[in-house]
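The values are calculated or read from the model by the stated rules, or taken from the named source; none is laboratory data. All figures in this text were calculated on a predicted structure; none of them were measured in a lab. Please note: Cβ atoms are built from the backbone with ideal geometry, for glycine as well, and neighbour counts cover all protein chains shown. These area figures cover heavy atoms from the full protein model, side chains too; ligands, DNA and RNA do not enter into them. Shrake-Rupley method; radii C 1.70, N 1.55, O 1.52, S 1.80 Å.
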Amino acid sequence: MKLRTILLVLSLLAFLSASLGGYLYYSALREADKKRADRRVVTRVELIRKNLSARLSQNIRPVRALSRMNELLGMLVRPGPEALDQANAVLDLFKESMDADVCYLINHRGVTVASSNRNAPDSFIGKNYAFRPYFQMAMHSAPSTYLALGVTSRKRGAYFSFPIFESGEDTPIGLAVIKSSIDQIEMEMGFSDNETVLVADPHGIIFISNRKDWLFRSIQPLSAEQRAKIARSRQFGGGPWEWAGLRFSDSASANDDSGNQYVVHQAEIDNYPGWRLIHLQNKGTAAGQFMSDPLLKMIGPIVLTLCFLVGFFVMMLYRKASRELYQRRMAEKALRESETRYRSLYHHTPAMLHSIDPEGRLLSVSDYWVEIMGYERHEAIGRKLTDFFTEDSRRFAQDKVFPAFFQTGFCKEVPYRFVKKNGDIVDVLLSAITDRDAAGSIVRTLAVSIDVTERKKAEEALRKAKETLSRYSKDLEGQVRKRTQEISSILRYTPAVVYIKDRRGRYSLVNSRFVELFHLSGQDVMGRTDEELLPASVAGQFQKNDRQVLEEGRSLQVQEQIVQEDGVHTYLSVKFPIYDENGAPIGVCGIATDVTAVKKAQDQLRRLSAGIMASQEKERTAIARELHDELGQVLTALRMDSVWMRKHLKEADPEGAQRALTMCDLIDKTIEEVRGIAIRLRPGVLDTLGLVDALDWYAGDFERRTEISCTFEPIDVPAVTDSLATAAYRIAQEALTNVARHAGASRVHLSLAAENGKLLLSVADDGGGFDTAVLNETEALGVAGMRERASLVGGSIEVASRIGVGTRVEFRVPLKGHLP
């Protein structure tokens, strides 16, 4: 009884183990099949994407070839019946050859001038497609691909355009277009009934699908703004682009209004940025083959309960089987990935790869090898590798390298020289290994050739550059030493005060004159500020001017007062910012020159000049008075005598009387000239009526004498002192004299105004103008005298001129101190 029990228990355990093992094995197979199904779907999606991308891009190269046909260029350059026939013949040929929907030619205005559907009811001839993006991109010299609903044919199409250029020109004169039928592409794709394939644009409009009821509907609801944008593009007709009812719970699943649930896979379409391929598979269909067995459903709870009893034994076997299956799948996956990676590396590595057989004949070459050498692959395969060597490299390979290589099975960085198809020479370093069979015989080799042509050129250029750099460095070092000595000598012996500060006002460099002036040592100055080193009055000046330089970012020229042992000295300081490599100001450099003696000399010269000009005015006044009183009276008496002579000679000597009359006229003119000279020397109106009336009189006199239109405009001018009135009058007189002599003007405007506490005198003409740089160099045209007069009364002169525009002279002087 005990043995039976034991056998029964063992039988039950065996049964339970077998049942549980079968259940687990079935579950594992079910899961593996599900994963394989998922992989098949992914592979299917990738296959659809590649096929669809290829079909939607199949006419990129043909349209390029079409754009280069001379018949199309002739139709755009020299349109006519003959050119049109030739262009139509080419378009018809391309349409039949490429099995395209339509091939047509558009000029630079967007109008179709030739088309393969010229005789169809929906002919494109004469239609303007300038609004299409493929036209706009092509007219900017860029080829284009475009998917849209035809505005003329109302048929879906893939458009391929390429610009057409005249010889030697870079601006397109038109474009060639090939339109492929989307209906034809859908038929050729052969979508299955248990899948839904959608192709949507960036806005989500479905353009290609095996569900016709979803065409031109949107994947997601569209806003009014999006609908308006799509309508303006005219890419998908007039709308209304209703929502297809798809709801995406995440990127991998969705459901529609009918309650169908889908597994979603998405992929990008090549050459159509933003366009997506969306693959929908019904979850019920995907899982249909995995419906659970009713028996398994019934005994599931029992099996789950008993699995705890026999789990240990079965788990060991199951884990082992799973591990083996997993290892096998991983090995298969690694093998496929390795093969794919090997092929990708072989063809896309930027190095020349090739394989040869034991006879030295090429078995395969990489894409890069073909690109560099210029041969087609079929031209190289089967030929001996040495056929592509130079004569020296061929002998070197056959005599030395090949015998050793086929014996050892390895060579590294052997220098060869290849001859390209066009005759150019390529320098390479070749490394290779052999691939042997089970018997140890060489089957093939794998070689890598590195193009070192440019490297050799670069090495030679680098050698020459190093030599040049070495010579330049030595020369530069000599120049630096020389400049350093010169700068050190300048800083040491210059009478000017030189210093450099950082942004916080701390000294980083001072010259010997600075140390001598302020009785400091160089070590005491470094890293300290003006407040720590200098008297408060001097430090305040320095800090104020330094801040202005840093804030404005430009140089500044100021006068600074420094108290020395013999009194206050005036220094002319030039301060400017110092910048780092990023252009940010990091400090201030100042150069101060003692101009005390110069200032004193200038003051003396100014006083002397003022005395001279005052004497000139007195002398002019005296001369004017003498001309008016003395010479005027003499001329008046002489005229009276001439009149008396004319009356007495009128009867006795008519000729003498006529001469007397002539003398009267001459004397009248002389009196006018004398009066004018006297007034110009010192107009009495300036002394009696003031500056405004004097300038008004002079403007009228100037216009009368020169026949140049002269206007005078006074604005709120107060009474001023005689010195300022005289200076302003003389400056205006000199400026108008320059206009008459040099400007060649037809009009001149004289204005006098008081504004912001200053008196402004302006003389502007419309003459030929001149170069102000020449004026600054020579101080010609009497400007030096005007500047001197302005300086004596505390004012300034500004001259602005442009050649062909005219000249403006402005005199500005503060009214403070010049009001009576």
Using Cα positions and a limit of under 16 Å, work out the lysines in reach of Lys474, with same-chain residues fewer than 8 apart set aside. Lys464, Lys466, Lys482
Karplus (6.51, -1.76, 1.60) ³J(HN,Hα), θ = phi - 60°, over region 117-126, in Hz, Gly and Pro reported as x: 9, 4, 9, 7, x, 9, 4, 8, 4, x
Would you pull out the residues with amide H under 5 Å of Val414's amide H, same chain only if 5 or more places away, H placed 1.01 Å from N? Leu430, Ser431
For region 415-504, which whole percent of the accessible surface, found with a 1.4 angstrom probe, sits on carbon and sulfur atoms? 56 percent
From the phi angles alone, apply the Karplus equation (6.51, -1.76, 1.60; θ = phi - 60°) to region 59-73 and give each ³J(HN,Hα) in whole Hz, x where the residue is Gly or Pro. 9, 5, 6, x, 5, 5, 5, 4, 5, 9, 6, 4, 5, 5, 4
Give the lysines whose C-alpha is closer than 24 Å to that of Lys544, dropping any in the same chain fewer than 8 places away, or say none. Lys501, Lys575, Lys599
Using amide H atoms built in the peptide plane, which far-off residues or other-chain residues are under 5 Å from Phe712 H to H? Leu750
Between Met187 and Gln485, how many nm apart are label points set 7 Å from Cα along the C-beta direction? 9.4 nm
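Protein chains only, probe 1.4 Å: how do Tyr134, Tyr342 rank by accessible area, largest first?
Ranked from most to least accessible, the order is Tyr342, Tyr134.
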With a 1.4 Å probe and every protein chain left in place, tell me how much accessible area Leu66 has, in Å² to the nearest 10. 0 Å²
Apply the Karplus curve 6.51 cos²θ - 1.76 cosθ + 1.60, θ = phi - 60°, to the phi angles in region 650-659 and return the couplings in whole Hz, x for Gly and Pro. 5, 8, 7, 9, x, 5, x, 4, 5, 5
Taking amide H atoms as placed 1.01 Å from N in the peptide plane, list the residues 5 or more away in sequence, or in a different chain, whose amide H sits under 5 Å from that of Tyr499. Gly590
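If you take the square roots of the eigenvalues of the alpha-carbon gyration tensor of region 107-167 and sort them as a ≥ b ≥ c, do you get rounded (a/c under 1.5), prolate (a/b over b/c) or oblate?
Oblate, because a/c is 1.5 or more while a/b does not exceed b/c.
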Using a cut-off of 20 Å between alpha-carbon atoms, which lysines can reach Lys400, once sequence neighbours fewer than 8 places away in the same chain are excluded? Lys384, Lys412
Using a Förster distance of 56 Å, how high is the FRET efficiency between Asp716 and Val111, based on the Cβ-Cβ distance and rounded to 0.05? 0.20
Within region 708-743, the residues whose backbone N lies under 19 Å from a label point placed 7 Å from the Cα of Thr772 along the Cα-to-Cβ direction are 732, 735-736, 738-739, 743
To the nearest Å, what is the center-to-center distance of region 42-105 and region 161-235, using C-alpha atoms only? 17 Å
Result for region 498-565: accessible area per residue, probe 1.4 angstrom, in square angstrom, of 58 Å²
